[in-house]
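Novice: The structure's right below; bear with me while I get my questions together.
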Amino acid sequence: MSEPPALGRDDVAHVAGLARLSLSEEELDTFTGQLARVIDHARDVSSLDVHDVPPTAHPLPVRNVLRTDDPCPGLDRGEVLAAAPDVEDNRFKVPRIVGEAP
Amino acid sequence: MSPPASGPPASGPPASGPPASGPPASGPPASGPDRAEWETVVGLEVHCELKTQTKLFCGCKNAFGDEPNTNVCPVCLGLPGSLPVLNAFAVELAMRIGAALHCEVRPSSFHRKNYFYPDMPKDYQISQYDEPINVGGWLELPDGSRVGIERAHLEEDTGKTTHQGETGRIHAADYALVDYNRAGVPLVEIVSRPDIRSSAQARLYVTELRAVLVATGASDGRMEEGSLRVDANVSVRRAGAGAFGTRCEVKNLNSLRSLGRAIDYEVARQVALVEATGTVVQETRHWDENAGRTVPLRSKEEAFDYRYFPEPDLVPLAPGSDWQERAAGAVGLLPSARRERLAGLLGGAPTPQQVDQVHVVVGQGLDDLIVAAVAQGAPAGLALVRAANELAADIGAALALDAGTFGSVVEMEGRGELTATQAKAVLAELLAAGGGDPAKIAAEKGFEALSEGSLAAVLQGVVEAHPEEWARYSAGEEKLAGFFTGQVMRATGGKADGKAVAAELQRLRQ
Amino acid sequence: MTADGSDSAAALADAVRRGERSARSVVEAALGGIAARDPELHAFLHVAADGARADADAVDEKVRAGEDPGPLAGVPVALKDNLCTRGIPTTCASRILEGWRPPYDATVVTRLRDAGAVVVGKTNLDEFAMGSSTENSCTGPTRHPMDPSRVPGGSSGGSAAAVGAGLVPLGLGSDTGGSVRQPAALCGVVGMKPTYGVVSRYGLVAFASSLDQIGPFARSVADAALLLEVIAGHDPKDSTSLDRPAPEVVRSLGAGVEGLRVGVCEELVADTAPDVSRRVREAAEELAEAGALVEEVSVPEMRLGLSAYYLIAPAEASSNLARYDGVRYGLRVDAPDVAQMNTATRTAGFGPEVKRRIMLGTYALSAGYYGAYYGKAQRVRTLLIRAFDRVYEQFDVLVGATAPTTAFAIGERVADPLAMYLSDVCTIPSNLSGHPAISVPFGAGDDGLPVGVQVLAPALCEERMFQVAATLERSAAARARAGQGEGRR
């Protein structure tokens, strides 16, 4: 089994971007050190050969949980919009969007 | 989304080099490359909104056109602490689609597709990823060609974003407004194999697929309302080449027309690019309908890292064989069978015009109305014409129309109790009012057309009053037919049917 | 009556139901206690005094009208502030949710209200339940009820401290990696995590969805059982809720342990402080004394739990916490475009531990690393479940420590995330396997602070687990009377 590479500063900067977090240079250093230790500790898992073991996504084997297609009342629009940071014309207002959705 | 193993595999050199610029905005270059040398390869991803009462994971109404943010709850707004529960009828409709497309229904599961976008309340989309509900299959087109189906999977729709600002276009907008009524509406994404070889075939595929979706009851098929949305994976290769070329995904194809234009444009652009530089850059492109061109959205390197992982709030789905059979049994007649059924009712070889009309009514899901009308005694040809023209023009109201009511109107017209103009007016009234009694509407409009007997009596009176003209007409002076018709119209206050008068004149002369 | 002389929840409810005490007087007493004690403890983020009084009056009205006021009539309950309460602030101790009032109640809150319980307030936690000391709260730490220089454990430290200090007889927390059991052990109260799916998660602000369970805090095993029966049971709003009735744990309390096969789990003893491991061995001896068949057992796969957990939980959290984007509710920090607004909001709204876990989880899921980290952790999860299945063929329950040490000093582990994560090493395996586990106070450590003994059981064997827990509680009480293992009071 080939082990994944150690986590570095660039990785932390990359995931911070993906997660929409901005880090100062100092934070980047601190977080890199801390996260690298956790990832290094996780080598006991990441270095295991478990390719023949199926993954567990759910702790209990339940399937086919469904509901019937019956409408039920939703929330009051006034209450919903009252919680929003900014609203216009009964819709949620956000700054301009650069780029399209995937 | 781009599910695994769909569309033509990217080949050729790694995507690099200068950003691709297309031919001029006027469209594909007129004096372009020799198109016969090149083969078009297209795979389509069609997103179909399912016609359920409620959303995919909550009990909010699935409705188009309601007041913004009125069909929302903690689940579809992604409020902290809320959890999804899968709509059984959405699963049922997905299986109907699978059955109609000859897919295999498999045990499936949901994943989270993670990316930030304000129209997505949880900032992830719940979608089926490596275990879709429907796998494999095909769709036969009316021209006899077959397009393979890779998969047809369930996922949730996003909310609707409106860009506000000078032009309403994204890049010039000052801010945006979001309505979450559509967030969580169930979608089935149908991914074709890269089997399509021309823009015409692509249009034919979408037209036929749309008819299938309508026939199964899964969709209302309204592209103009966005309930059917199409993305195209387009590549080109030299005729006879085995390997696929590098593909580009084209988005924002909101009509059959844009689908065809975009593919033609993209093919020309890619051919020009390969001939000039030897390569196409793999990227996602946006179809600009007004400019008539595709523009780059993002390159392969800029592709999103969606960090798919199994949705822990949902459990796996494994419909039993009894449920699968029930769903397959509910599919009903597919469009090809529906077209044959109508052709059978028309009797004999249909005219080219009738063939078109048959496609229209089957595509709109109006053929059941015709079949019922004919069973009731209405003439098939007339029912087809009225459905393809008058009903198709107001499809929402037409689908809600009672079959017996439609049949009555066509019957009245068939018996000559209504003229064509009057029948159209009665239908319009019925569609506008959402139903009613055709005879009563005709009476209110003063459309009491003359019965054959009274028409004969009126004509007899006219003939007796004009013996000289009658003699000339009897001798073969055809233009006098107009004279007699006019006299009958005057006598009946315009209620007589012109065709019926002509027929009666002929009968009387013999 | 519980060991410290305060009224049990069961006794309070009985008195209210019989009309001997008014719910209002019970609630006023609790509010008075909170007002007096909480400025020092900081167990509460929000005290819902007006609502609590109104709810108490409604209970009293039912009693007067001769209606059934429910099994928890008039009993004050404290809720961890990651449980949604309609109209009452729910912040998860995060700046990003400051001022948010949910438009709906969590299912457990609805069930509590239906049972006549009175919600007196929302308790402090590590931000979004990420932590083991309640120091990661944007409002500052909660203090240990017996020693203000120490942490109460976490992440449900507020509820644990409130129950431990006697401010309320019952509390609810959430347990993703031990966040109910570990603070219960540190504060000297009973805390349990049900089998995954026994209690609805609807309305619990998600941390790691495949691990989260809501669990009760109480000062006695009997009260914990009573509370579990009220909150457990199928909920159609949670797809992972099991379609079966609530476990009948109250009935099982007196059954004893005669003939039960108890495994003392080496991995839950060996790595703990000597004063903690000593109590665990004494507890095992007491169970043997009471008729259980006690043996040592090793489950080596448990040692992989910590790493698997710190890949799976952050991965799910990174996705669960994406929705805090400044668009629909909570904090927004303005910026020229929406992506910058998201970033500014999240950067200002989340504390450092939450950021660490979001980045860790994003990394574990990101292209190229999924297989090595998240994917592998899920396979290790399978290994662990198989190991439990194997060991439960030989044993009915396992026992071990709940936490490696007694309550540690405020600030002691803040600078070293990995050291803090190790606080959860004994509790994490049950979250990964989905099995139930309970922490019962059992004497004190060398510092005089409480030690908790953990009982683990197979899935859906809550009844058996409570049998053992009740026996341990009786033994601990007997030992305390005899002067053994006495801690601080």
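The values are calculated or read from the model by the stated rules, or taken from the named source; none is laboratory data. In this text the structure is predicted, and so the values were computed from the model without any measurement. A quick note on method: Cβ atoms are made from the backbone with ideal geometry, for glycine too, and the neighbour counts reach across all protein chains shown. SASA here: full protein model, heavy atoms, side chains in, ligands and nucleic acids out. Shrake-Rupley method; radii C 1.70, N 1.55, O 1.52, S 1.80 Å.
Novice: If I ask for residues that are closer than 13 Å to C:His435 by Cβ, of a type in the set (D, E, K, R) and more than 9 Å from chain A (Cβ to nearest Cβ), which ones from segment C:378-400 would you list?
Specialist: Hits for segment C:378-400 are C:Asp389, C:Asp396.
Residues checked against (1) at positive phi; (2) at pLDDT 95 or above; (3) part of a loop (DSSP other than H, G, I, E, B); (4) within 9 Å of chain C (Cβ to nearest Cβ):
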residue: A:Ala6; (1), (2), (3), (4): no, no, yes, no
residue: A:Arg20; (1), (2), (3), (4): yes, yes, yes, yes
residue: A:Glu26; (1), (2), (3), (4): no, yes, no, no
residue: A:Asp29; (1), (2), (3), (4): no, yes, no, no
residue: A:Ile39; (1), (2), (3), (4): no, no, no, yes
residue: A:Asp44; (1), (2), (3), (4): no, no, no, yes
residue: A:Leu48; (1), (2), (3), (4): no, no, yes, yes
residue: A:Pro61; (1), (2), (3), (4): no, no, yes, no
residue: A:Val80; (1), (2), (3), (4): no, yes, no, yes
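Novice: What strands (runs of 3 or more DSSP E) lie completely within segment B:208-298 and have 1 or more residues being buried (at least 23 other Cβ atoms within 10 Å of the Cβ) and free of Cβ contacts under 8 Å to residues at least 40 places away in the same chain?
Specialist: B:248-253, B:283-288
Novice: Just to confirm my filter: which helices (runs of 4 or more DSSP H) fall fully inside segment C:393-487 and include at least 1 residues that are in the same structural domain as C:Gln182 (by TED's automatic domain parsing), crowded, with 17+ Cβ neighbours inside 10 Å and basic (Lys, Arg)?
Specialist: C:462-481
Novice: Can you tell me which residue within segment C:106-119, out of those that are under 19 Å from the mean Cα position of the chain (by Cα) and in a loop (DSSP other than H, G, I, E, B), is nearest to the other protein chains (Cβ to nearest Cβ)?
Specialist: Among those that are under 19 Å from the mean Cα position of the chain (by Cα) and in a loop (DSSP other than H, G, I, E, B), it is C:Ala106.
Novice: Report yes if some residue within segment C:111-129 is more than 21 Å from C:Leu211 (Cβ to Cβ) and among the acidic types (Asp, Glu); otherwise report no.
Specialist: The answer is yes; a qualifying residue exists.
Novice: Residues being facing chain B (nearest Cβ under 7 Å) and either at pLDDT below 95 or open to solvent by 50 Å² or more (accessible area, probe 1.4 Å) (or both): count how many of those fall in segment A:82-92.
Specialist: Selection size over segment A:82-92: 3.
Novice: Follow-up. Go through segment B:362-417 and give me each residue that's touching a residue at least 40 places away in the same chain (Cβ under 8 Å) and not in a helix (DSSP H, G or I).
Specialist: If the condition is that a residue be touching a residue at least 40 places away in the same chain (Cβ under 8 Å) and not in a helix (DSSP H, G or I), then B:Gly365, B:Gly416 are the ones that fit.
Novice: Kindly indicate whether any position in segment C:238-252 is at pLDDT 95 or above, farther than 19 Å from C:Ala459 by Cα and open to solvent by 10 Å² or more (accessible area, probe 1.4 Å).
Specialist: no
Novice: Oh, and also: Pull up segment C:344-377, narrow it to residues that are polar (S, T, N, Q) and open to solvent by less than 30 Å² (accessible area, probe 1.4 Å), then point me to the one that is farthest from the other protein chains (Cβ to nearest Cβ).
Specialist: Across segment C:344-377, the extreme among qualifying residues is C:Thr345.
Novice: Just give me the residues in segment C:307-360 being within 18 Å of A:Asp40 (Cα to Cα) and either in the same structural domain as C:Pro102 (by TED's automatic domain parsing) or among the polar types (S, T, N, Q) (or both), in sequence order.
Specialist: Residue satisfying the conditions is C:Ser307 alone.
Residue by residue, here is whether (1) more than 20 Å from C:Cys187 (Cα to Cα); (2) free of Cβ contacts under 8 Å to residues at least 60 places away in the same chain; (3) touching a His at 6+ places or on another chain (Cβ under 8 Å) holds:
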residue	(1), (2), (3)
C:Asp60	yes, yes, no
C:Val63	yes, yes, no
C:Val75	yes, no, no
C:Leu79	no, no, no
C:Ile96	yes, no, no
C:Pro102	yes, no, no
C:Thr134	no, yes, no
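Novice: Can you go through C:Val294, C:Val257 and tell me which one is of a type in the set (Val, Ile, Thr), under 15 Å from C:Val399 (Cβ atoms) and either part of a loop (DSSP other than H, G, I, E, B) or touching a residue at least 40 places away in the same chain (Cβ under 8 Å) (or both)?
Specialist: C:Val257
Novice: Return the residues of segment C:205-227 that are open to solvent by less than 10 Å² (accessible area, probe 1.4 Å) and more than 12 Å from the chain's Cα centre (by Cα); say none if nothing qualifies.
Specialist: Those that are open to solvent by less than 10 Å² (accessible area, probe 1.4 Å) and more than 12 Å from the chain's Cα centre (by Cα): C:Val205, C:Phe207, C:Ala208, C:Ser209, C:Ser210, C:Leu211, C:Val221, C:Asp223, C:Ala225, C:Leu227.
Novice: Also, I was wondering about something else. If you scan segment B:311-328, which residues turn out to be in contact with a Ser or Thr (Cβ under 6 Å, 6 or more places away or on another chain) and open to solvent by less than 30 Å² (accessible area, probe 1.4 Å)?
Specialist: Passing the criteria: B:Pro312, B:Asp313, B:Leu314, B:Val315, B:Leu317.
Novice: If you don't mind, there's one more thing I want to ask. Among the residues of segment C:37-57, are any open to solvent by less than 50 Å² (accessible area, probe 1.4 Å), of a type in the set (Val, Ile, Thr) and touching a residue at least 12 places away in the same chain (Cβ under 8 Å)?
Specialist: Within segment C:37-57, not a single residue is open to solvent by less than 50 Å² (accessible area, probe 1.4 Å), of a type in the set (Val, Ile, Thr) and touching a residue at least 12 places away in the same chain (Cβ under 8 Å).
Novice: Of B:Val135, B:Val178, B:Val85, which residue is within 11 Å of chain C (Cβ to nearest Cβ) and under 25 Å from A:Ala57 (Cα atoms)?
Specialist: Matching residue, one of B:Val135, B:Val178, B:Val85: B:Val85.
Novice: Being out of contact with any Gly (no Cβ under 9 Å at 6 or more places or on another chain), over 19 Å from C:Ala476 (Cβ atoms) and in the same structural domain as C:Leu422 (by TED's automatic domain parsing) narrows it down to one residue among C:Arg281, C:Arg251; which is it?
Specialist: Answer to the selection: C:Arg251.
Novice: I would also like to ask the following. Of the residues B:Arg106, B:Arg151, only one is touching a residue at least 24 places away in the same chain (Cβ under 8 Å), of a type in the set (D, E, K, R), open to solvent by less than 20 Å² (accessible area, probe 1.4 Å) and more than 30 Å from C:Met341 (Cβ to Cβ); which?
Specialist: The conditions single out B:Arg151.
Novice: For segment A:63-78, enumerate the residues that are open to solvent by less than 50 Å² (accessible area, probe 1.4 Å) and either in a loop (DSSP other than H, G, I, E, B) or in contact with a Pro (Cβ under 8 Å, 6 or more places away or on another chain) (or both).
Specialist: Result: A:Val65, A:Arg67, A:Asp69, A:Gly74, A:Leu75.
Novice: Could you run through segment C:214-225 and say how many residues are in contact (Cβ under 8 Å) with a residue 60 or more places away in the chain and in contact with an Asp or Glu (Cβ under 8 Å, 6 or more places away or on another chain)?
Specialist: So the answer is 4.
Novice: Follow-up question, since we're still on this one. Those residues that are more than 13 Å from chain B (Cβ to nearest Cβ) and either in a helix (DSSP H, G or I) or of a type in the set (Asp, Glu) (or both), I need them from segment C:297-343; list them, please.
Specialist: C:Pro300, C:Glu301, C:Met302, C:Arg303, C:Leu304, C:Gly305, C:Leu306, C:Ser307, C:Ala308, C:Tyr309, C:Tyr310, listed by residue number.
Novice: Something else: What are the residues in segment A:51-102 that are of a type in the set (A, V, I, L, M), over 30 Å from C:Gly99 (Cβ atoms) and within 25 Å of the chain's Cα centre (by Cα), if any?
Specialist: Passing the criteria: A:Ala57, A:Leu60, A:Val62, A:Val65.
Novice: Please give the number of the condition C:Ser277 fails out of (1) within 14 Å of chain B (Cβ to nearest Cβ); (2) surrounded by fewer than 21 Cβ atoms within 10 Å (Cβ to Cβ).
Specialist: Result: C:Ser277 fails condition (1) only.
Novice: Next question, about the same structure. Has segment C:237-260 got at least one residue that is within 14 Å of chain B (Cβ to nearest Cβ) and in contact with a helix residue (DSSP H, G or I) (Cβ under 8 Å, 6 or more places away or on another chain)?
Specialist: Yes, segment C:237-260 contains at least one residue that is within 14 Å of chain B (Cβ to nearest Cβ) and in contact with a helix residue (DSSP H, G or I) (Cβ under 8 Å, 6 or more places away or on another chain).
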